[in-house]
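The values are calculated or read from the model by the stated rules, or taken from the named source; none is laboratory data. The shown structure was predicted, so the numbers you read here are calculated from the model rather than taken from an experiment. Calculation scope for accessible area: heavy atoms of the full protein, side chains included, ligands and nucleic acids excluded. Shrake-Rupley method; radii C 1.70, N 1.55, O 1.52, S 1.80 Å.
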Amino acid sequence: MDSFSPLLLVTLVAAAGGFLFGYDTAVINGALQYLKTHFSLTPFQEGIAGGSAILGCIPGAMIAGFLSDRFGRRRVLFLCAILYAASGVLSAIPHTFLQFLLARLLGGLGVGASSMICPVYIAELAPASQRGRMGSLFQFGIVTGIFLTLFINALIHGAGSEAWNTAAGWRWMFGIEAIPAIGLVLLLFAVPESPRWLLAVGREPEARAILERVGSPTEAEAEIRSVQAVASTGEGRLSELFGSRFRAPLIVAVMLMAVSQFSGINAIMYYSTKIFATAGIGTNGSFTSSVIVGLVNFLFTLVAVAFIDRTGRRPLLLIGLSVQVIALGAVGEMFHTGVSGAPLLAGVLVFIAAFATALGPIPWIVSSEIFPAKIRGRAMSIATFVIWTSCYVVAQTFPLLNDSAAVGPAKTFWVYAAFSLAGFIFVWAKLPETKGRSLEEIETSWMV
């Protein structure tokens, strides 16, 4: 096995884990209207269905940090892949709405746990010069999953009548997820454990062997000494995050994760078909527009992969957030004035492009970089808990706000624009640049 094999395998795991994340969270988009008819859902139940996986994401993220710090990143990723496969099968065969919700909760546990572990796993194996790019590949996997899911949903939608889709089509949309989940299980047999986790639990020979496959023996020795020097400063307790020493990185992670959701991205990813239908686009046009949204999300994530280690985290975020504010404000104005069709789609696509370039991948990357090694897993659990709690609030409230006579789609999108503006101000004032710095250098910088 050559020296690049571990990084190649980690890249594949990042892409596969992200793909399943994207598939599981986006599959509800095309299926929801048929679920609503099949189970005769109220608007409140529609929101529960849209956010059902997220209800599993929250506890999944919280327990994954403890489990991965205790048992290792790789073993918990195995569990995530199994949960994805089980959810895909069980979501396709429910007889009642409650059975469907329980099946989606299983998938949510996998999404929540993998969304916490994959960025940490990548950050702990990737060289500093490639960490941003490799971290972006997790987001690339997510948007690939979203795009292909929207495309698959559209193909299934076109394969039969409205009655067929209401009875069976949505079941195929969910069931297909089991195929890539099984692929991830097989891939995980070949990948190494995180060397930094191995060092943290005293398994230096195993860590050294992995690091020497990634780089030279000299680089491996330097990496081991650097990790051990930081580890010698203390055991690293979760309570430290709430003290003065690491309060700053905690605030950074929490704010970035919250803003990424309250900017409204998953209102579009989960409900784009509903949004375009509200704007007067027919059912077929809504599905087509949703596929275009997924394609733009996919293409502009490639921009992030290409530039994040060149331009840095801060510049991309500032540019992306400023464009988001303008695009979301314009979409709200178009809903307010009754403009629909191509201009509305263009406004949504500009927002998606800006998000995919910056606020999509960067919060995951930065959060995986800024916490101390000893508690990185548990600290990431807090950050991931915030993103999924925020995501659930958006998924649960969007149908109610969108359908409300007092609020409606225009004011809803203006609220998302306001959160994007708040995010811009925070990044400008508080976010340090982490490009090109080792995890140990970043950790030490918080002590100054």
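In the chain, the longest principal axis of the Cα atoms and the axis of helix 178-188 are about 10 degrees apart.
Rounded to whole Å, the principal axis extents of the Cα atoms in the range 140-191 read 45, 20, 11, largest first.
The range 323-386 and the range 138-208 have Cα centres spaced 22 Å apart.
Go ahead and set up a Gaussian network model of the chain, Cα springs under 10 Å, then flag whichever of Thr42, Thr11, Thr384 fluctuates most. Comparing Thr42, Thr11, Thr384 in the GNM, the peak value goes to Thr42. Convex hull volume of the Cα atoms of the range 305-409, normalised per residue: 113 Å³.
Rounded to two decimals, the Cα radius of gyration of the range 3-119 over 2.2 N^0.38 Å is 1.15. With only Cα atoms counted, the range 368-448 has Rg and Dmax values of 17.7, 52 Å.
On a 0 to 90° scale, report how tilted helix 247-262 is relative to the longest principal axis of the chain, with both axes built from alpha carbons and the result rounded to the nearest 10. Helix 247-262 sits roughly 20 degrees off the main axis of the chain.
Mind checking the full-extension length gain between Ile319 and Gln99? Use 0.36 nm per residue of separation minus the Cα-Cα distance, one decimal, nm. Don't skip to the answer; put the middle values down first.
Values: separation 220, 0.36 × 220 = 79.20 nm, distance 4.37 nm.
Gain on stretching Ile319 to Gln99: 74.8 nm.
Look at the alpha carbon pairs under 8 Å that are at least 6 residues apart: their mean separation over the length of the chain gives a relative contact order of 26 percent.
Only helices enter the 222 nm calculation for the chain: every DSSP H run of n ≥ 4 contributes -39,500 (n - 2.57), and dividing by all residues gives -26000 deg cm²/dmol, rounded to 500.
What a 1.4 Å probe finds exposed on the chain is 71% carbon and sulfur by accessible area, rounded to a whole percent.
Relative to the longest principal axis of the Cα atoms of the chain, helix 342-354 runs at roughly 10 degrees.
When the Gaussian network model of the chain links Cα atoms closer than 10 Å, the mean-square fluctuations of Ala209, Ala383, Ala113 top out at Ala209.
Computed on protein heavy atoms with a 1.4 Å probe, the accessible areas place Asp309, Asp403 in the order Asp403, Asp309, largest first. With only the Cα atoms considered, the chain has a convex hull volume of 125 Å³ per residue.
Overall dimensions of the range 49-202, expressed as equivalent-ellipsoid semi-axes from the Cα gyration tensor (√(5λ), whole Å, largest first), are 32, 17, 12. Each Cα pair under 8 Å and six or more residues apart adds its sequence gap; the mean of these over the residue count of the range 1-122 is a relative contact order of 37 percent.
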